[in-house]
Amino acid sequence: DKMVLKDIDLLIKPCMKVALVGENGVGKTTLIKLLSRFYTLDNGIIEINGQDLADIDTESWEQNLGLLTQHFNTYPAFSVEENIHFGNVSKKIDEEDILIAGQKANVTGFVEKYKNKFKQILSIQFKDGIDPSWGQWQRLGIARTLYRDAPVVIFDEPTSSIDAQAEYEIFENINNSTMNKTVIYVSHRYSTVRNADLICVLKNGKIVESGNHRDLMSISGEYAKNL
């Protein structure tokens, strides 16, 4: 019965890097779930290239979408390589593409320390297995999503267990390596999204500010106050 989002008016152009920021509970994840068709709208419309999202074939939309939520699946009985490959099981394991995705997500730094590198099993229940930290699992989740190679990529607070500097570096890697993709990422850390093409500040279910870093700093509003 509670209205979560109100008067949302947002245009995302192809290949834009868009950041949604704001405190917990302001509607960022709800907006992502609407875009991903987990939820349906009570009012209003979401259009993709002028077509109502509700009229687009669900399977077709899913094939064009890479999504990493806050609560994603982990596969500890499988290797690093396989965990990344699960992002796109429609193609054979491509070790070069897996390595590239790992580099973009800052995975290779800790994977190279594993005894079996990308063949490492990620559970101590198996011989020679190890248990990654949750922050490492989050990086593997980002690598899996990038390996999917979808034209639209959404990250919903994928780095909550990673320090701010590492999050900034990962977002920069994503920005620089997805020039031909539309990317939306959600974060409660204002300082990590400054290089997005469009930053939307949500408060009480509304977008109260939007623009790039320079625009938002010039108005000395919510964004500048929380940076």
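The values are calculated or read from the model by the stated rules, or taken from the named source; none is laboratory data. Bear in mind the structure is a predicted one, so any value in this text is a computation, not a measurement. So basically every Cβ, Gly included, is an ideal-geometry build from the backbone, and we count neighbours across all protein chains shown. Heavy atoms of the whole protein, side chains included, go into the accessibility calculation; ligands, DNA and RNA do not. Shrake-Rupley method; radii C 1.70, N 1.55, O 1.52, S 1.80 Å.
Here are a few things to note about the model shown:
- For region 107-175, the ratio of Cα radius of gyration to the globular rule of thumb 2.2 N^0.38 Å stands at 1.19.
- Net charge of the neighbourhood of T108, taken over other residues with C-beta under 11 Å away and scored Lys/Arg +1, Asp/Glu -1, is +3.
- Sorting K181, K13 by solvent-accessible area of protein heavy atoms yields K13, K181, largest first, with a 1.4 Å probe.
- Dipole magnitude for region 85-184: about 420 debye, using +1 per Lys or Arg Cβ and -1 per Asp or Glu Cβ, origin at the Cα centre.
- Rounded to the nearest 10 degrees, the inclination of helix 164-177 to the longest alpha-carbon principal axis of the chain is 90 degrees.
- When the helices of the chain are scored as -39500 (n - 2.57) per DSSP H run of n ≥ 4 and the total is divided over every residue, the value at 222 nm lands at -9000 deg cm²/dmol.
- Under the criterion of Cα pairs below 8 Å and six or more residues apart, the relative contact order for the chain equals 31 percent.
- The length gained by stretching the chain between S220 and Y39 to full extension, at 0.36 nm per residue less their Cα-Cα distance, is 61.8 nm.
- The residues neighbouring L146, those whose beta-carbon lies less than 12 Å from its own, together hold a net charge of +3 under the Lys/Arg +1, Asp/Glu -1 convention.
- With Cα atoms, 0 to 90° folded angle of helix 134-148 axis to the chain main axis: 80
- One quarter of the convex hull surface built on the alpha carbon atoms of the chain amounts to 13.2 nm², the projected area averaged over directions.
- Whole-angstrom Cα spans of region 97-227 along principal axes, big to small: 56, 28, 23
- For K225, the aspartates and glutamates whose Cα comes closer than 15 Å to its Cα, not counting residues fewer than 8 places off in the same chain, are E23, E209, D215.
- Whole-Å semi-axes of the ellipsoid equivalent to region 1-75 (Cα gyration tensor, √5λ, descending): 19, 18, 14
- Dipole magnitude of the chain, debye to nearest 20 (Cβ charges: Lys/Arg +1, Asp/Glu -1, about Cα centre): 500
- Within straight-line cross-link reach of K119, lysines at Cα separation under 23 Å, skipping those fewer than 8 residues along the same chain: K91, K92, K104, K127
- Radius ratio Rg over Rh of region 18-62, counting only Cα atoms, Kirkwood formula for Rh: 1.00
- Stokes-Einstein diffusion of region 150-227 at 25 °C, 0.890 mPa s viscosity, Kirkwood radius from Cα pairs, rounded to a whole number: 187 µm²/s.
- Nearest 10 degrees, 0 to 90: helix 95-104 Cα axis against the chain principal axis: 50
- Using 0.36 nm per residue and subtracting the Cα-Cα separation, the extra length available between D9 and N24 on full extension is 3.4 nm.
- Label-point separation in nm, D131 to D55, each point 7 Å along Cα→Cβ: 5.2
- The Cβ shell under 14 Å around I48 holds other residues with a net charge of -3, Lys and Arg each +1, Asp and Glu each -1.
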